[in-house]
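Since the structure comes first, as structure tokens, the remarks are kept for the end.
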Amino acid sequence: MSINSILLLISLIVVFGYVAEWIFRKFQVPDILFLIILGFIIGPNVANLIDPISLSRLAPVFTTFTLLFLMFEGALSIDLKSFASGIGSGISIGMFNFFISSILVASVFYYLVRDIPTAMMLGFALGGITSAFIIPVLKQLDVDKKLYSIATLESALTDVLAIVLALTMIQIQILHVIDIKSVLSQIASLFAVAGIIGIFAGSMWIFLEYNGRFIDKDRNYLLTIAYLIILYFITEFLGGNGAIAAMFFGICLTNSKTLIFIGRRILMGKSGPSNQTSNGQNERVISRKEMDFYSEISFFLKTFFFVYIGMLLNVRNVNVIGIGGFIAVALMAARNLTPLVARGFNRTDRGLLSILFPRGIAPVAILLIAMEKKVVTDQLIVDTVYFVITATIILSSLRIFLYRLKQKKGPTT
């Protein structure tokens, strides 16, 4: 394609994304479903306007930044109270669903590959839900803050578990060595390092913006993104998870007023001012205008990610459709077990948690690594993983549509 044609196609995809989002608001049909269909049409299956293979070099960078930024932008809607009250539930729900799903998927793939490490790698890769779907959809559904925090935390937790455990299986296949203690310590390290660095980076950024002499609040949007990428690099370099650090960074920024108040009480005692600075300005370092800017970038990344997923879909192989469809339906059925560990929620919230089971960024990233290291070479496996991702998104989207229709008729208690 010519440069002009590529620019035109990018513009049309963005316009289509806005139309799909309007349809979601108007008719409750998730926009992500339409984005996948568009990717399928412009990909090799129909029009063949773009070959996803030609994007393979950019795919790892794009998927990494999409995960990083969506975690950051999604965290801007989390308040500390909801996060603190939901962290236990988020971890328990995430761990339960992740391992149930991983065992289920690994069992199916074992009959294809006849190799336990490879089957477990694929099981872990597809074990968790994706924030690329969860965060945008929950925002449009306008759910309770605690429920939003739990679902966001679950997606972050399962992304980390998927990446760490799947990459461990890849290393086992290469080195033929397993060290469970090392795996567990690595997971703990990823969260601990990410949490500490994310909170420290958020506190530093609040200080720089709050001071006002270092950063112009009205022109710092791109600088914040650059800071976010540096934060990701440092966290990964020090052995943490960059996406988790991005989440904690976002939580710090959006709760800056509370954090400043806590800091003042520690430094100045109870007599210190709480809600305003000495010149009467609002202390919240991130404005509504800035949040809208990040939301637009998130929309752009989400749009192109799911179009890319649609391009990867292969429906020409009956085995891919059969196996991938079976796994997707099994994952949907397994998700219905969520109420077993979500007893503290009302029936409506338990129902919503049970329909959020899409796969996305983590399995794409893991599969790219597995293919690069020659751990996965069978195209049937590759196409099946992409089909599972697409099918879970479609099924989850359809269940969300039915959920919205049911809610319109009257919420349950």
**Prompt:** For region 386-408, does any single residue satisfy the condition of being within 19 Å of Ile116 (Cα to Cα), out of contact with any Lys or Arg (no Cβ under 8 Å at 6 or more places or on another chain) and either of a type in the set (S, T, N, Q) or modelled with pLDDT under 90 (or both)?
**Reply:** no
**Asked** Can Leu313 be described as within 30 Å of Val14 (Cα to Cα), buried (at least 16 other Cβ atoms within 10 Å of the Cβ) and touching a helix residue (DSSP H, G or I) at 6+ places or on another chain (Cβ under 9 Å)?
**Response** yes
**Request:** Output the number of the condition that Ser101 fails; it satisfies all remaining conditions of (1) hydroxyl-bearing (Ser, Thr, Tyr); (2) modelled with pLDDT under 90; (3) crowded, with 24+ Cβ neighbours inside 10 Å.
**Result:** (2)
**Asked** Taking the condition part of a loop (DSSP other than H, G, I, E, B) and either within 19 Å of Ile150 (Cα to Cα) or at pLDDT below 90 (or both), does Phe249 pass?
**Response** no
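Looking at region 213-221, can you tell me whether even one residue there is modelled with pLDDT under 90, over 24 Å from Phe200 (Cβ atoms) and either in a helix (DSSP H, G or I) or touching a strand residue (DSSP E or B) at 6+ places or on another chain (Cβ under 6 Å) (or both)? Break it down stepwise before answering.
Taking region 213-221 first, the residues modelled with pLDDT under 90 are 213-221.
Cutting the leftovers down to over 24 Å from Phe200 (Cβ atoms) gives us 218-219.
Keeping just the survivors that are either in a helix (DSSP H, G or I) or touching a strand residue (DSSP E or B) at 6+ places or on another chain (Cβ under 6 Å) (or both) gives 218-219.
Scanning region 213-221, I find at least one residue that is modelled with pLDDT under 90, over 24 Å from Phe200 (Cβ atoms) and either in a helix (DSSP H, G or I) or touching a strand residue (DSSP E or B) at 6+ places or on another chain (Cβ under 6 Å) (or both), so the answer is yes.
May I ask you to verify whether Arg359 is surrounded by 19 or more Cβ atoms within 10 Å (Cβ to Cβ), of a type in the set (D, E, K, R) and assigned to a loop (DSSP other than H, G, I, E, B)?
Spelling it out, Arg359 is indeed surrounded by 19 or more Cβ atoms within 10 Å (Cβ to Cβ), of a type in the set (D, E, K, R) and assigned to a loop (DSSP other than H, G, I, E, B).
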**Request:** Determine whether region 115-122 contains at least one residue that is crowded, with 17+ Cβ neighbours inside 10 Å, in contact with a Gly (Cβ under 9 Å, 6 or more places away or on another chain) and either under 26 Å from Ala330 (Cβ atoms) or touching a residue at least 40 places away in the same chain (Cβ under 8 Å) (or both).
**Result:** no
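Every residue, every condition in (1) over 16 Å from Gly242 (Cβ atoms); (2) surrounded by 23 or more Cβ atoms within 10 Å (Cβ to Cβ); (3) among the charged types (D, E, K, R), yes or no:
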site: Gly127; (1), (2), (3): yes, yes, no
site: Phe133; (1), (2), (3): yes, yes, no
site: Ala162; (1), (2), (3): no, yes, no
site: Val183; (1), (2), (3): yes, no, no
site: Ala192; (1), (2), (3): no, no, no
site: Gly195; (1), (2), (3): no, no, no
site: Phe200; (1), (2), (3): no, no, no
site: Met204; (1), (2), (3): yes, no, no
**Message:** Please list, ordered by residue number, the helices (runs of 4 or more DSSP H) wholly in region 45-127 having 3 or more residues that are farther than 20 Å from Val320 by Cβ and in contact with a Leu (Cβ under 8 Å, 6 or more places away or on another chain).
**Reply:** 59-75, 80-113
**Item:** Scan of region 182-205 for residues that are in contact (Cβ under 8 Å) with a residue 12 or more places away in the chain, farther than 18 Å from Glu154 by Cα and of a type in the set (Phe, Trp, Tyr), ordered by number
**Value:** Trp205
**Request:** Return a yes/no flag: does region 75-88 have any residue that is under 18 Å from the mean Cα position of the chain (by Cα) and of a type in the set (Val, Ile, Thr).
**Result:** yes
**Request:** For residues that are closer than 11 Å to Ile197 by Cα and among the β-branched types (Val, Ile, Thr), scanning just region 222-236, find the one that is modelled with the highest pLDDT.
**Result:** Ile234
**Matching residues, region 224-239, being surrounded by 14 or more Cβ atoms within 10 Å (Cβ to Cβ) and of a type outside the set (A, V, I, L, M)** = Thr224, Tyr227, Tyr232, Thr235, Glu236
**Prompt:** Any idea which of Ile78, Ile42, Ile36, Ile53 is over 27 Å from Val143 (Cβ atoms), surrounded by 14 or more Cβ atoms within 10 Å (Cβ to Cβ) and not aromatic (Phe, Trp, Tyr)?
**Reply:** Ile42
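Could you please find all residues in region 319-347 being in a helix (DSSP H, G or I), more than 30 Å from Val382 (Cα to Cα) and out of contact with any Lys or Arg (no Cβ under 9 Å at 6 or more places or on another chain)?
Leu340, Val341, Arg347, listed by residue number.
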**Selection within region 320-356 - of a type in the set (S, T, N, Q) and buried (at least 16 other Cβ atoms within 10 Å of the Cβ)** = Thr338, Thr348, Ser354
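The values are calculated or read from the model by the stated rules, or taken from the named source; none is laboratory data. Here the structure is a predicted model, which means the values were calculated and not measured. Cβ sites come from the backbone with ideal geometry, for glycine too, and all protein chains shown count toward neighbours.
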